[in-house]
1. Work out how far the C-alpha atoms of the range 103-150 reach from end to end along every principal axis, then list the three figures in whole Å, largest first.
2. Each residue of the range 44-57 in turn: what ³J(HN,Hα) in whole Hz from Karplus with 6.51, -1.76, 1.60 and θ = phi - 60°, glycine and Pro shown as x?
3. I'd like to check one number: the per residue accessible area of the chain, probe 1.4 Å, reported in Å² as a whole number.
4. How far, in degrees from 0 to 90, does helix 19-28 lean away from the longest principal axis of the Cα atoms of the chain, to the nearest 10?
5. Set Lys and Arg Cβ to +1 and Asp and Glu Cβ to -1, take the dipole of the range 158-293 about its Cα centre, and tell me which of Ala240, His275, Thr179 lies farthest positive.
6. Tell me, what ³J(HN,Hα) does each residue in the range 85-99 have, in order and in whole Hz, if you take phi through Karplus 6.51 cos²θ - 1.76 cosθ + 1.60 with θ = phi - 60° and put x for Gly and Pro?
7. Between Rg and the Kirkwood Rh of the range 208-310, both from Cα atoms, what is the Rg to Rh ratio?
8. Where Rh denotes the Kirkwood radius from the mean inverse Cα pair distance, what is Rg over Rh for the chain?
Amino acid sequence: MTTTLPAKPAPRRVRSNSTLATALRRLRKHRAAMLSLVVIALLILTAIFARVIAPYDPNAQDLAGIYVPPSAAHLMGQDSLGRDLLSRIIYGSRISLLVGFSVSLFSILLGTTMGVLAGFFGGRTDTLISRFIEIMLSVPELPLQLTLSGLFAVSDAPAIAALRENPNSSVFIIVGIFTFFGWMGTARLVRGEVLKLKNLEYVDAARALGASSARVMARHLVPNLLAIIIVNGTLAIGGAILGEAALSFLGFGIQPPVSTWGNMLSNANEVVLEHPYVAFWPGFAILITVLAFNFLGDGLRDAFDPKSRL
């Protein structure tokens, strides 16, 4: 007589309780953030495959089609030189996303570094960095950005003159200017968080085991700042895209023939009443993109905040 052993129950799936896993679960419940994530993914794919998606060369002129309204051949119409607006919108997404991600990345790197140094070492280091941040935050950003952009455009310095020979030079200049003005907010938030973290027991234990200051900052402080870094980085992308559009609209940003949503709005400024579609499409693209990044940033902030209820 054989006896059958009872079947073993299927092993239960262990649910990860790490901070990142918990934040991802909470983020999935944030409908606006998830919808924004889909929009951002589509924008990135559009920028990557612009040559495949765009129906025309964005700089190809058709003088017989000046200000032709939307039609089957040109879904968004044509501009003052007969260029296809849909193609220019698609190629403009490359510049906007490039500026947004680049400014966010460099601002986060610089702001995190300065904030960690100020909060960890304190004393004169903290005083110098904090006073510099306060000075930078007290000056009007837009007039200085316009001034710096104009100086780069007319400077006779050999290095800057050589940079201007590159048709994409204005992109690098705009990224540099926005990075210079964009890291202070992150630095202040990181500094405040480091002031709390550096006195916790695990940091004291790392020091007692002989860990250097660099190792303590890199291995024990920065990983605990990821929530702040991710949220601020996401929000900074939308701000950089909006700032680039503002500078380009005023004529101090990225210059033609490079297609950007900002200089498309600038070109449509004088004919917005007669041909509103020329201004509507780049403005709508800016609106959707900035809203998507802002909603995603709000969702990430709620996901990483244990006090919020999603």
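1. Here the spans come out as 38, 23, 12 Å, largest first.
2. Karplus values, whole Hz, x for Gly and Pro: 5, 5, 4, 5, 5, 9, 4, 5, 7, 7, 4, x, 9, 5.
3. Numbers: 17570 Å² over 310 residues.
Ligands and nucleic acids excluded, the figure is 57 Å² per residue.
4. Computed tilt is about 50 degrees.
5. Farthest towards the positive pole: Thr179.
6. 5, 4, 5, 6, 5, 5, 5, x, 4, 4, 5, 4, 5, 4, 5
7. Working: Rg = 20.4 Å, Rh = 16.6 Å.
That ratio equals 1.23.
8. Working: Rg = 24.7 Å, Rh = 22.4 Å.
Taking Rg over the Kirkwood Rh, I get 1.10.
The values are calculated or read from the model by the stated rules, or taken from the named source; none is laboratory data. Please read all numbers here as calculations on a predicted model, not as lab measurements. When we count neighbours, we look across all protein chains shown, and the Cβ atoms used for this are built from the backbone with ideal geometry, even at glycine. Protein only, heavy atoms only, side chains kept; ligands, DNA and RNA dropped before computing areas. Shrake-Rupley method; radii C 1.70, N 1.55, O 1.52, S 1.80 Å.
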